[in-house]
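Take a look at the structure set out below.
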Amino acid sequence: QVKPQLEEKEGKTFDVFTAVEFKTQVVAGTNYFIKVHVGNDDFMHLRVFRSLSHENKPLSLHGYQSSKAKHDELAYF
């Protein structure tokens, strides 16, 4: 659901977009920190926010880090 948001911010499309690891943080909703394989040896770390269910809002890309490698630790940012 956040792939189009990331593609718009990066100004490109990703043929490969596969989540390989994630962590969560409960706030007034949930932050998901997701390591995504975007092709070749390239990875990105995404911070995606899911609001509380009664708010009925879509997932939102709140931040990302590019130029990551498979072995890079997925941490809060």
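Just one of Gln1, Gln5 is surrounded by 17 or more Cβ atoms within 10 Å (Cβ to Cβ) and within 19 Å of Asn56 (Cα to Cα); which is it? Let's see the steps before the verdict.
Details: Gln1 fails: surrounded by 17 or more Cβ atoms within 10 Å (Cβ to Cβ).
Result: Gln5 is the single residue among Gln1, Gln5 that is surrounded by 17 or more Cβ atoms within 10 Å (Cβ to Cβ) and within 19 Å of Asn56 (Cα to Cα).
Output the residues belonging to segment 32-54 that are more than 18 Å from Asp72 (Cβ to Cβ) and touching a residue at least 24 places away in the same chain (Cβ under 8 Å). Show your work before the answer.
To start, the set of residues in segment 32-54 that are more than 18 Å from Asp72 (Cβ to Cβ) comprises 49-54.
The one that is more than 18 Å from Asp72 (Cβ to Cβ) and touching a residue at least 24 places away in the same chain (Cβ under 8 Å): Leu52.
Every read-out reported here was derived from the displayed coordinates using simple, explicitly stated rules and does not represent laboratory data. Since we're looking at a predicted model, the values are computed, not measured. Quick reminder, even Gly has a Cβ in these numbers, built from the backbone with ideal geometry, and neighbours come from all protein chains shown.
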